[in-house]
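For reference, the structure discussed in these notes is given below.
What follows is calculated from the coordinates using simple rules that are stated; it is not laboratory data. Keep in mind it's a predicted model, so treat the numbers as computed, not measured. With ideal geometry, Cβ positions are generated from the backbone for all residues, glycine too; neighbour counts draw on all protein chains shown.
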Amino acid sequence: MPRVGVLALQGDVREHVAVLSRLGVTTSTVRTASQLDDVEALVLPGGESTAIAHLLGTSGLRAALESRLSDHMPVFGTCAGLILLSSQVLDGREDQWSFGALDVSVRRNGYGRQVASFEAPIEVRGLGVVPGVFIRAPRIDAVGTEVEVLAEHDHGDGPHPVLVRQGSVWGCSFHPELTSSSDIHRMFVDSLPV
Amino acid sequence: MSNGDSPSVIGTARVKRGLADMLRGGVIMDVVNPEQAKIAEDAGAVAVMALERVPADIRRDGGVARMSDPEMIRGIQQTVTIPVMAKARIGHFAEAQILQALDVDYIDESEVLTPADEVNHIDKWSFTVPFVCGATNLGEALRRIGEGACMIRSKGEAGTGNIVEAVRHLRTINQQIRRLQSADASELFSLAKDLQSPLPLVEEVAERGELPVPMFCAGGISTPADASLVMQLGAQAVFVGSGIFKSEDPERMARAIVEATTHYQDAAIVAKVSTGLGAAMKGAETATLEQRLAERGW
């Protein structure tokens, strides 16, 4: 079983660690480039994407992670993590950058500010219904042809993807780690090379 | 696959506490205008607290401290992409209603402003927007959570640049949690009475060994070392009020405190970011204070 790191610069790190531990996965937290060398896959947690992006730069992890992504390290990003993996960020800071590992266009706070944050049941292809917790969530406005859409949600303005996968890169606009369901993490873990 | 017919629910405890979870490991900075908000976001702040005057100036100027001007809050919301928080006076639910109508992301029912009600805090359950409240001990924290607070910050003594009260409050809360963990089931009734706190919350803390909501630290943090200290004492994120914009080089101090909060366990990094920062805010000895803000709230 590969070791799965959780990027621990800022955000809901311990919830991801807890879910992975429940699944029997060996995990460690990643704050430095050398800690990234110790893991075979990485979860990018929820948090503030601008703060995490800033800290990726100052810690030297940005270049290290870029290199690992080009080597096809499996990654799973939730919320801010999805934003960081995406190829295009709308309504972000002018200088907002992202890794471009996942060919999706995301709109920051696309469902509104905190008072619009919501919970809704989400039907995941091949899995069933899981609880969806959306907190100042990014909305996926467009996906590339290589991207597989595993779940959508219609928030009154037509369906938008909420869980997507492009090869070994997974992204989710909600927070499975804030619920007692481990199903989506299990899908990611089951996809890892043994 | 579409969930067009399914109900979605706003304002649940999970989405309100969830935003606090997302702020963990980060720094929330007090700002008084859009320019400062931009500096805070550039430095890696996870959120800003929009207010008219930082606590050090409230202390210096005196007078009644109230909710901020909505125009100023809007200006900050338009400038940054990170969450924008704002303060309401203790018990002033009408100010809180206004802040919710302004779409702020978190309301701080704060002892830094002049209290509006000397008996009652705001019924925070009745709001969609989440609330953070200060606490000096476990009983106070659990009373605020019982009223609906979704995040607790240890109070410290705002506007002093002196970390001593923040340390006292964090240590007190931690000691009281450890006491609950060592109690048997029958002792918890009496402990709940002593803490003047709801029994179910006391039982939950005894079981989990921590508060049911994230615990952050505020009040007196003015250097990277202060941030590292309170994170090591169990704070999950820090609020910095006067400590940044009352320092000699706010941009640099802001960045350094952000780095120290993330890498608080790595003294080499904290040492590096503490180097050549210029003067921290001057600060005050708490024994000489005329007004102790932490005593507000009950």
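Here are the numbers:
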read-out	value
Residues in the range A:130-163 reached by a label modelled at A:His72 [backbone nitrogen below 17 Å; 7 Å Cα→Cβ]	A:146-148
Distance between modelled label sites at A:Leu192 and B:Glu71, nm, 7 Å Cα→Cβ extension	5.5 nm
Structure-based [θ]222 nm, the protein assembly as shown - -39500 (n - 2.57) summed over DSSP H runs of at least 4, per residue, nearest 500	-10500 deg cm²/dmol
Restricting the range B:198-298 to GluC sites (Glu not before Pro) in coil, as DSSP defines it, with at most 16 other Cβ within 10 Å	B:Glu210, B:Glu248, B:Glu285, B:Glu290
Backbone HN-Hα couplings from phi across the range B:205-219 [Karplus 6.51/-1.76/1.60, Hz, Gly and Pro as x]	5, 4, 6, 7, x, 7, 5, x, 10, x, 10, 9, 10, 9, x
DSSP-defined beta bridges in the protein assembly as shown - what % are antiparallel, rounded to 5	35 percent
Residue with peak Gaussian network fluctuation, chain A [Cα springs, cutoff 10 Å], from A:Asp103, A:Asp71, A:Asp157	A:Asp157
Inverse of mean 1/r across different Cα pairs in chain B, Kirkwood, Å	19.3 Å
Residues A:Thr26, A:Thr32 arranged by fewest to most Cβ contacts within 10 Å	A:Thr26, A:Thr32
Percent antiparallel among DSSP beta bridges (both partners in the range A:64-194, rounded to 5)	70 percent
Exposure proxy ranking, count of Cβ atoms within 10 Å, fewest first, for B:Ser274, A:Ser67	A:Ser67, B:Ser274
Beta bridge orientation in the range A:81-136: antiparallel %, DSSP, nearest 5	65 percent
Reachable lysines from B:Lys16, criterion Cα separation under 18 angstrom, eight or more residues apart if same chain	B:Lys87, B:Lys124
Electrostatic dipole magnitude of the range A:4-190 [Cβ: Lys, Arg +1; Asp, Glu -1; Cα centre; debye, to 20]	360 debye
Amide H within-cut-off set for A:Asp141, under 5 Å, with H built and near neighbours excluded	A:Ser105, A:Val106, A:Arg107
The range B:83-142, relative contact order in percent, only Cα pairs under 8 angstrom and at least six apart counted	37 percent
Gain on full stretching of the segment that runs from B:Asp61 to B:Arg179 - 0.36 nm per residue minus C-alpha separation	38.4 nm
The range A:4-190, relative contact order [Cα under 8 Å, separation at least 6], %	18 percent
Hits among lysines - C-alpha to C-alpha of B:Lys272 under 25 Å, sequence gap 8 or more where chains match	B:Lys38, B:Lys246, B:Lys282
Per-residue Cβ neighbour rank within 10 angstrom, fewest leading, B:Thr12, A:Thr50	B:Thr12, A:Thr50
The range A:162-177 - phi-based ³J(HN,Hα) in whole Hz, Karplus 6.51/-1.76/1.60, Gly and Pro as x	10, 9, 9, 8, 10, x, 8, 10, 10, x, 9, 7, 10, 10, x, 6
For a label point 7 Å along the Cα-to-beta-carbon line of A:Asp37, residues of the range A:49-82 with backbone N under 11 Å	none
For chain A, built as a Gaussian network whose Cα springs stay under 10 Å, the top-fluctuating residue of A:Val39, A:Val115, A:Val75	A:Val115
Long-range Cα-Cα pairs in the protein assembly as shown (distance over 39 Å), rounded percent	20 percent
In order through the range A:79-95: 3J(HN,Hα) via Karplus (6.51 cos²θ - 1.76 cosθ + 1.60), integer Hz, x for Gly, Pro	6, 4, x, 4, 4, 5, 7, 5, 8, 8, 10, 9, 6, x, 5, 4, 9
Inter-label distance for A:Ser21 and A:Asp91, nm, one decimal - labels placed 7 Å from Cα along Cα-to-Cβ	3.5 nm
